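K.L.:
The structure that follows is given in the form of structure tokens.
The values are calculated or read from the model by the stated rules, or taken from the named source; none is laboratory data. Everything quoted here is computed from the prediction, not taken from an experiment. Counting neighbours? That spans all protein chains shown, and the Cβs are built from the backbone with ideal geometry, glycine included.
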Amino acid sequence: MFSKLKELRIYEGYTQKEIANILNVKRATYAGWECGKDIIPLKHIYGLANCYNVNIDYMLGLSNTQLKIVNKKPINKILVAENIKKYRKEHKITQEKLAKTLKTSQANIHKYESGKHLITTIYAMEFAKNYNYSLDELLGRKNN
């Protein structure tokens, strides 16, 4: 799922320890993400994409196209919430249907859309795959 993490890290000349320090996590935690043992939280995916200046869709294997994106702003869960809600409404998808598609509860969709919680990595990836929607767009990262 996260096959490009190691490739990008090595290409940029970083060690696992250096990336762990950048993300403010333990090396073992980062290693678990890189090998796919654990799921990397969106805020750290966002941070890595900013560190490498690449699109999240490429980094996570959702796209074969690597784009240079420079965005040093922190993740904005209110913007993410607005993007989820806007997409759902534009495509006339109910919260119930979205919840069913993502295999979660309508209560979770409401929390994501209200900005109370940042959507989880797994649900964000399912959203991107099922609706052919860019994670970079969902998370508010765009080319300058």
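K.L.:
Would you mention how many residues in segment 86-144 are among the polar types (S, T, N, Q) and without any contact (Cβ under 8 Å) to a residue 12 or more places away in the chain? Steps first, please.
P.N.:
Step one: of segment 86-144, the residues among the polar types (S, T, N, Q) are 94-95, 101, 104-106, 108, 114, 120-121, 130, 132, 134, 143-144.
Pick out the ones that are also without any contact (Cβ under 8 Å) to a residue 12 or more places away in the chain and you get 94, 105-106, 132.
Within segment 86-144, residues that are among the polar types (S, T, N, Q) and without any contact (Cβ under 8 Å) to a residue 12 or more places away in the chain number 4.
K.L.:
Next up: So is Val25 at pLDDT below 90 and either of a type in the set (Val, Ile, Thr) or in a helix (DSSP H, G or I) (or both) or not?
P.N.:
no
K.L.:
Please determine whether any residue of segment 29-47 is modelled with pLDDT under 95, touching an Asp or Glu at 6+ places or on another chain (Cβ under 7 Å) and hydroxyl-bearing (Ser, Thr, Tyr).
P.N.:
No: segment 29-47 contains no residue that is modelled with pLDDT under 95, touching an Asp or Glu at 6+ places or on another chain (Cβ under 7 Å) and hydroxyl-bearing (Ser, Thr, Tyr).
K.L.:
Looking at (1) surrounded by 13 or more Cβ atoms within 10 Å (Cβ to Cβ); (2) in a helix (DSSP H, G or I); (3) without any contact (Cβ under 8 Å) to a residue 60 or more places away in the chain, can you tell me which one Tyr14 breaks?
P.N.:
The number of the failed condition is (2).
K.L.:
Any idea which of (1) in a loop (DSSP other than H, G, I, E, B); (2) touching a Gly at 6+ places or on another chain (Cβ under 6 Å); (3) loosely packed, with under 14 Cβ neighbours inside 10 Å is the one Asp38 doesn't satisfy?
P.N.:
Condition (3) is where Asp38 drops out.
K.L.:
If a residue has to be in contact with a Ser or Thr (Cβ under 9 Å, 6 or more places away or on another chain), over 20 Å from Lys116 (Cα atoms) and surrounded by 14 or more Cβ atoms within 10 Å (Cβ to Cβ) to count, how many in segment 60-82 make the cut?
P.N.:
Total meeting the criteria: 3.
K.L.:
Still on this structure, I have one more. Would you mind stating whether Glu96 is at pLDDT 95 or above, surrounded by fewer than 18 Cβ atoms within 10 Å (Cβ to Cβ) and of a type in the set (Asp, Glu)?
P.N.:
Here the answer is yes, as Glu96 does meet what is asked.
K.L.:
Also, I was wondering about something else. Based on this model, can you work out whether Tyr52 counts as surrounded by 15 or more Cβ atoms within 10 Å (Cβ to Cβ), over 22 Å from Tyr131 (Cα atoms), under 15 Å from the mean Cα position of the chain (by Cα) and hydroxyl-bearing (Ser, Thr, Tyr)?
P.N.:
So Tyr52 passes the test.
K.L.:
List the helices (runs of 4 or more DSSP H) inside segment 52-144, counting only whole elements, that have at least 3 residues being among the aromatic types (Phe, Trp, Tyr).
P.N.:
The qualifying helices (runs of 4 or more DSSP H) are 121-131.
K.L.:
I would also like to ask the following. Might you check whether a residue that is under 14 Å from the mean Cα position of the chain (by Cα), of a type outside the set (A, V, I, L, M, F, W, C) and either surrounded by fewer than 16 Cβ atoms within 10 Å (Cβ to Cβ) or in the same structural domain as Ala20 (by TED's automatic domain parsing) (or both) occurs anywhere in segment 83-90?
P.N.:
No.
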